[in-house]
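Okay, structure first, notes after.
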Amino acid sequence: MKDLTEDWKTAKLSDIANISAGGTPRRNIQEYWKNGDIPWLKISDLKETYIKKSKEYITKSGLDNSSTKLFPKGTIVYSIFATLGAVGILDIQATTNQAIAGIIPNNEIVDSKYLYYCLISEKNKICAKKSHATQDNINLTILRNHEISLPPLPTQKKIVAILEKAEKLKGWRREADELTDELLKSTFFEMFGDPVKNHNGWKVVKLQDVSEIVSGVTKGRKLSGKEVISVPYLRVANVQDGYLELNEIKLIEVLPSDVEKFALKEGDVLLTEGGDPDKLGRGSVWHDEIPNCIHQNHIFRVRVNKKHLIPEYLSMLIGSPYGKMYFLKSAKQTTGIASINSKQLKNFPALIPPLELQNKLAKIIRQTEQLREQQKQSRQHIDDLFNALMQQAFRGELTT
């Protein structure tokens, strides 16, 4: 029987593609950014297979006077700093910052979508070569010298066709997850109406009057010569918009008194202090997921008085357009980044509907969280199947 891979070869990425990194125009020169119409990508923009838009734009002057480059449509973009191995395919012309490499395939040798899937499959191998000098990074030499399996173009296209069908399952799962989120948001508005208009005439109070608000422990303090203990702590990356991402929890050395002061309790509402402007008010409710866990100083802990507020209701109110509008209006902003402080959070105008209604919402949210857990397990199962299929594909086991 013919060896399925006898006409395959290995090739360095530099042999089949042109690879270069982007750059950042100087932030303090307005003419490089103001009224820009050239997409400028950051790692946070690499969320879909095909990249169609960016959050920030630069001008032609910004392009001409910086190290960034205008990559053509079809370029594969790959993150090489901090968050490693995020990958997408440009569906537009775009520039990138220096944390992203642009890989322009030679389409006479390699199919763009084949290379995209190959880079996903090879992520662990590529990232194993990373440097830890200051932060995790992959330099362009590592990327250019990385070798991949390269079958003939017709075989590449067959592999792509198979993997695209499998990838549709991931898309359907993602759409179902998004519908769950939208259903919860619409339920909130059906129950409470538009908080901006407050047609029900509910009482409005400053959040500080019905809760205790504190930021967390500061990392990097000098504690030498003191009795310290090591405990888990939440970072900003762990607190997402409506849920907690707890796959990676780090430890921190603190004083026993810090644990007493900052230890999280059931029902604490956790909010990040800054980030992308559209993510202001990002947060979720803590349900004692990790014992003796504390939080860092860039996270606010809101411990409500349950005679007035139910945590789940408050979290959704703050995360609603009403909450985001308040924080965006009062937040300190720099280019692409916005942040809130303790005073702004304490002055947040909280609507106080009847507790019975708040508790009804909390029950619905808990039921939804159970559904989300089932969806998470389903998503993991689909991902595992897709990854196994990719491994078979690049061993030559899916084509004849």
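The values are calculated or read from the model by the stated rules, or taken from the named source; none is laboratory data. If you're wondering where the values come from, they're calculated on a predicted model, not measured in any experiment. Positions of Cβ are backbone-derived with ideal geometry, glycine not excepted, and every protein chain shown enters the neighbour counts. These accessible areas exclude ligands, DNA and RNA; they are computed on the full protein's heavy atoms, side chains included. Shrake-Rupley method; radii C 1.70, N 1.55, O 1.52, S 1.80 Å.
Quotient of the Cα radius of gyration of the chain and 2.2 N^0.38 Å, N being its number of residues: 1.14.
Pairs over the 29 Å Cα-Cα cut-off, from the set Lys197/Lys363; Lys60/Lys185; Lys34/Lys346; Lys324/Lys363; Lys185/Lys343; Lys261/Lys360: Lys60/Lys185; Lys34/Lys346; Lys261/Lys360. Take every Cα-Cα pair in region 14-163 and report what % of them are more than 18 Å apart. For region 14-163, the share of Cα pairs beyond 18 Å comes to 57 percent. Solvent-accessible area per residue in the chain equals 52 Å², computed with a 1.4 angstrom probe and all protein chains kept. As a rough guide to protection, the peptides 188-198, 309-319 ranked by mean Cβ packing within 10 Å, highest first, stand as 309-319, 188-198. For region 102-227, the alpha carbon convex hull comes to 265 Å³ per residue, rounded to a whole number.
Listed by chain and number, the aspartates and glutamates whose alpha-carbon sits under 13 Å from that of Lys55, ignoring those within fewer than 8 places in the same chain, are Asp37, Asp45, Asp276, Asp278.
When you count the other C-beta atoms within 10 angstrom of each residue and take the mean per peptide, 137-147, 40-50 line up highest first as 40-50, 137-147.
Test of the criteria: in region 205-267, which trypsin sites (Lys or Arg not before Pro) are in a DSSP loop and have at most 16 other Cβ atoms within 10 angstrom of their Cβ?
Lys219, Arg221, Lys222, Lys226, Lys265
Averaged over all directions, how much area does the convex hull of the C-alpha atoms of region 83-145 cover when projected, in nm²?
Taking the Cα atoms of region 83-145, their convex hull projects to 4.8 nm² on average.
Solvent-accessible area of the chain (1.4 angstrom probe, protein heavy atoms only): carbon and sulfur portion equals 50 percent. Could you list, in their original order, any pairs among Lys42/Lys219; Lys9/Lys42; Lys42/Lys222; Lys69/Lys113; Lys125/Lys165; Lys125/Lys376 whose Cα atoms are separated by more than 32 Å? Violating the 32 Å Cα-Cα cut-off are Lys9/Lys42; Lys42/Lys222. Counted over region 203-319 with a bin width of 5 Å, the fraction of Cα pairs per bin, in whole percents, is 2, 11, 22, 24, 18, 12, 7, 3, 1, 0, 0.
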